[in-house]
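Data first, discussion second: the structure below is written as structure tokens.
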Amino acid sequence: MANALELRNVEKSFGSVIALQNINIEVEEGAVTCILGDNGAGKSTLIKILSGVHKPTKGEFVVAGAPADYDSPRDALDAGIATVFQDLATIPLMSVWRNFFIGNEIKKGWGPFRHLDIKTMKEIAKQQLLAMGIDLRDTNQQIGTLSGGERQAVAIARAEYFGAKVLILDEPTSALGVRQSGIVLKYLLKAKERGVAVIFITHNPSHAYLVGDRFFLLNRGQLLNRFERDNVQMDELTKAMAGGRDLETLTQEIEAVRGR
Amino acid sequence: MSNTTDERVRRASVWTTVMRRPEVGALLGAIAIFIMFSFTDTTGNFAKLGGVAGWTDVAAPIGMVGIAVALLMIAGEFDLSSGVMVGSVGLIIGMLVELFNMNIWLAILIGMAFAGGVGFLNGWLVVKTKLPSFIVTLATFFVLKGANLAFTMMVTGSVRVTGTDQAPGFQTAFNLFGSTFNIGGVDFQISLVWWVLITAIATWVLTRTAFGNWIYAAGGDANAARNAGVPVERTKIALFVTTSLTAAFVGVIFVLRLQGMQAGQGVGQEFYYIIAAAVGGTLLTGGAGSAIGASIGAALMGMAYIGIPFSLWNSDWTSTFLGVILFAAVLINNFIGKRARGGKR
């Protein structure tokens, strides 16, 4: 399949601090690309480059085969790159359908009397969520009354409906329980089935292993490792992520403490 | 956590839907206050047209600006300069007439332009400096309060401007903004019509337009709104301008009705606007509220102002009464809101 986006030798520095270095990433259409990294690995900076918040200091950012130069998140959004931030995706006190169409409202009427086409928006929101497997009878309810997983799902459905070709999910499962995480991963796979290039950013290797097709490991601003689905095992991924030897040492240390 | 996705989203009953409305607490409160004063009333007039004309006269100016302040509060910001702006614009119009014998319409236009400019400055400063609007508009409040007095003293040598009715074109403006109309032998202030009109427009904007959606979003979660492509900054600035312009409009009404203006006019009124909004179910942290609620809050205050003297109670206690109402209303709103939302948030 074609590459939806690529980073080639990308570097990002803030003054004398080098946040990212030598980053080479290819993201395919209709696949889930996982970017794994512990806290401080540079995941946030990477997301901000992909979503148009920052520009890379060096290197190339290629979207659908053409070099990309975004000045704002709006530019990235217009190019079909949508980001779902873990806590910042929805507005709790607003209804589901208003959340679904926020910033992209459907309007009717003319001149100063242009107003929201509420009926259409409610119908579309309901259908789109149903396609995701969320059966809401009342899209008028406040989105804050939905569970964390469902809220993420609404954000994913919304991004897809508004033409996202690349969907970036920033730690979508980190604040969720096991079952809710499962729900989000299910929706993530549904997005993949529809041909969306999904970028799943997480520090949880078991979640990544469940859905990922390709894995990039980020550590201290550099790409540490890269795996394809067919040639990696779960424990390998965990080990690589925690920095191999570090984890072994840590395991020994913990056992020593427990042994006492 | 439940096992299915839809067992927790039972169809909301009509009752829940009604109780979810942010203005329901204020409405119940207003009905209770109305019934109370109807009984304690010693003049026999409170529940009649004459009484209604009385309390709507008090409520209209509070309601008009209260609605604008409510919209701003829904978007998560305050405007403490909204009260003093009523005075500023009235004084500007009065002074322009006194100094240049200016046509009243031109003077009104200049007064409105001034208010629009200050509103824009308020909004721009809040958005650019990221300082709390409470502080920014508190500063504007004091700057204007001083300027109102200083300029009035400079121009007239006293603390008030008078003789606005001498302005060319006064009568047409007065008919539109300052006159009364008769229903069943009782004179109602025309400001009542403007109040109803502004309530209707604000409600429509808030619930039926994209801009209304952005107001809720900006106050509900500015970051999420920004991520979804909502122009949060522009929305907030527009609301600061609207609030200033609405206050200016009330200033126009007063200067025409009183045919002059005191230098201290409007100072302190900003709190009445905030009370109207808060009693009407507007969340002080932003993200929820309604225009009708603010109007009901204003009506409730108007009833207290008329009802207390009608009941032959000592009207020195009016503010105390309003304070208790404010506290009770916000407490009840909070309680109802929680219940209707199913305990979350």
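The values are calculated or read from the model by the stated rules, or taken from the named source; none is laboratory data. Predicted, not measured: the structure shown is a model, and the values here were computed from it. Methodologically, a virtual Cβ is constructed for each residue, glycine included, from the backbone with ideal geometry; neighbour enumeration extends over all protein chains shown.
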Could you identify the single residue in B:GLY220, B:GLY264, B:GLY212, B:GLY251 that is surrounded by fewer than 20 Cβ atoms within 10 Å (Cβ to Cβ) and of a type outside the set (Val, Ile, Thr)? B:GLY264
Across region B:215-234, the tally of residues that are touching a residue at least 24 places away in the same chain (Cβ under 8 Å) and within 11 Å of another protein chain (Cβ to nearest Cβ) stands at 7
Give the residue that is farthest from A:THR45 (Cα to Cα), with candidates limited to residues of region A:85-103 that are among the polar types (S, T, N, Q) and more than 7 Å from chain B (Cβ to nearest Cβ). A:SER95
Given the structure, is B:GLY29 at pLDDT below 95, of a type outside the set (Asp, Glu) and buried (at least 24 other Cβ atoms within 10 Å of the Cβ)? no
Of (1) within 21 Å of B:VAL267 (Cβ to Cβ); (2) in a helix (DSSP H, G or I), B:LEU80 satisfies every one except (2)
Just a yes or no: is a residue in region B:320-333 buried (at least 21 other Cβ atoms within 10 Å of the Cβ) and within 14 Å of chain A (Cβ to nearest Cβ)? yes
Could you list, in sequence order, the residues of region A:174-189 that are within 18 Å of A:ILE134 (Cβ to Cβ) and away from chain B (no Cβ under 14 Å)? A:LEU185, A:LEU188, A:LEU189
With A:ILE91, A:ILE23 as the choices, which residue is among the β-branched types (Val, Ile, Thr), part of a loop (DSSP other than H, G, I, E, B) and surrounded by 17 or more Cβ atoms within 10 Å (Cβ to Cβ)? A:ILE91
Only one of (1) within 20 Å of the chain's Cα centre (by Cα); (2) within 17 Å of B:GLY302 (Cα to Cα); (3) surrounded by fewer than 24 Cβ atoms within 10 Å (Cβ to Cβ) does not apply to B:ALA47, and that is (1)
Region A:149-158 - residue that is touching a residue at least 40 places away in the same chain (Cβ under 8 Å) and within 10 Å of chain B (Cβ to nearest Cβ) and, of those, farthest from A:VAL178 (Cα to Cα): A:ARG158
Find the residue count for region A:111-148, including only residues that are facing chain B (nearest Cβ under 7 Å) and of a type in the set (A, V, I, L, M). 3
A:ILE106: passes all of (1) within 10 Å of another protein chain (Cβ to nearest Cβ); (2) surrounded by 15 or more Cβ atoms within 10 Å (Cβ to Cβ) but (2)
Name the pairs whose Cβ atoms lie under 8 Å apart, with the first residue in region B:130-156 and of a type in the set (Phe, Trp, Tyr), the second outside any helix (DSSP H, G or I) and surrounded by 13 or more Cβ atoms within 10 Å (Cβ to Cβ), and 6 or more positions between them or separate chains? B:PHE134/B:PHE78; B:PHE134/B:LEU80; B:PHE141/B:LEU80; B:PHE141/B:SER81
Report yes if B:GLN265 is of a type outside the set (Ser, Thr, Tyr), in contact with a helix residue (DSSP H, G or I) (Cβ under 6 Å, 6 or more places away or on another chain) and on the phi > 0 side of the Ramachandran plot, otherwise no. no
Quick check on my filter: what residues within region A:159-169 are surrounded by fewer than 23 Cβ atoms within 10 Å (Cβ to Cβ), within 13 Å of chain B (Cβ to nearest Cβ) and not aromatic (Phe, Trp, Tyr)? A:GLY163, A:ALA164
Regarding region B:273-289, can at least one residue be identified that is at pLDDT 95 or above, surrounded by fewer than 24 Cβ atoms within 10 Å (Cβ to Cβ) and more than 14 Å from chain A (Cβ to nearest Cβ)? no
